[in-house]
Amino acid sequence: MIFNNNTAQQTAELLLQINAIKLNSKNPFTWASGWKSPIYCDNRITLSFPAVRNYIRDEFVKQIEDKFGRPDVIAGVATGAIGIGILVAEAMGLPFVYVRPEAKKHGRQNQVEGFLQKGQTVIVVEDLISTGGSSLMAVEALRNEGANVKGMAAIFTYGFPISEEKIAEAKLEVYTLSNYQNLIEKAVEKKYVSEEELETLQSWNSNPSEWGK
């Protein structure tokens, strides 16, 4: 669920302007899930553009406080959301932790890095939600540490049914700054995509797990 339409449209336009959204239907990208895709959203690029990262930071701060209230801790999902998560935590004057994909094999063998006490309320910051697997593994790791995860705030989601089902099963409240629908609308409006590319993107989105096979 997006925070609101105005933020979704503005965020989509900014991602397109800095080329965080990459299209390549002839040589599709392969996601961590194994899916083939003509689109790749690299939100790490936002950190290299001060005006964009500041906009995302400020929207996160405002929307998190509005939707969830003030948490005790901000948690970023490694590695893509560590940067923006730190910016959000700093702006809110809150502690920050980050969650690895899995526990380290050495040292203290942490999966959650940073100081986190049982019972503390946490908002998870994520850069991207695709199938939802890695995002929810981070939430599970935090809950296993005794955290009270109030919700997740992400920059972008593809809005796949599989991710929405997983989020519902995890009993997690999730809001995003933008989503696939707003991205496509803005891409067409600003002529970032051709008619042929639009058809490809619509075809892929209707059945992403089987596209390109």
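The values are calculated or read from the model by the stated rules, or taken from the named source; none is laboratory data. Here the structure is a predicted model, which is why all the values come from computation and not from measurement. For neighbour counting, all protein chains shown are included, and Cβ atoms are generated from backbone atoms with ideal geometry for every residue, glycine included. Remember, those area values only see protein heavy atoms, side chains included, never the ligands or the DNA or RNA. Shrake-Rupley method; radii C 1.70, N 1.55, O 1.52, S 1.80 Å.
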Quiz item: If you take the square roots of the eigenvalues of the alpha-carbon gyration tensor of segment 48-88 and sort them as a ≥ b ≥ c, do you get rounded (a/c under 1.5), prolate (a/b over b/c) or oblate?
Solution: oblate
Practice problem: With a/c under 1.5 counting as rounded, go ahead and sort segment 78-156 into rounded, prolate or oblate using the C-alpha gyration tensor (a ≥ b ≥ c being the square roots of the eigenvalues; past the cut-off, prolate if a/b is larger than b/c, else oblate). | Solution: rounded
Quiz item: Of the heavy-atom accessible surface of the chain (probe 1.4 angstrom), what whole percent is carbon and sulfur?
Solution: 46
Exercise. State the antiparallel share, in %, of DSSP beta bridges confined to the chain, rounding to the nearest 5.
Key: 25
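Order of 191-199, 127-135, 49-57 by packing, highest average Cβ count within 10 Å first?
Details: 191-199: 12.9, 127-135: 21.9, 49-57: 16.8.
Top to bottom by mean Cβ count within 10 Å: 127-135, 49-57, 191-199.
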Quiz prompt | Two-site label geometry, Asn19 and Ser194: point separation in nm, points 7 Å out along Cα→Cβ | solution = 1.8
Self-check item: Size of charge dipole - the chain - debye, nearest 20, with Cβ of Lys, Arg +1 and Asp, Glu -1, no other charges
Solution: 620
Quiz item: Net charge near Thr157, counting Lys/Arg +1 and Asp/Glu -1 over other residues with Cβ under 14 Å of its Cβ?
Solution: -4
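Rounded, prolate or oblate: which fits segment 150-213, taking a ≥ b ≥ c as square roots of the Cα gyration tensor eigenvalues, rounded meaning a/c under 1.5, else prolate when a/b beats b/c?
Oblate shape, in that a/c is at least 1.5 and b/c is the bigger or equal ratio.
Can you give the direction-averaged projected area of the convex hull of the alpha-carbon atoms in the chain, in nm²?
Reported value for the Cα convex hull: 11.9 nm².
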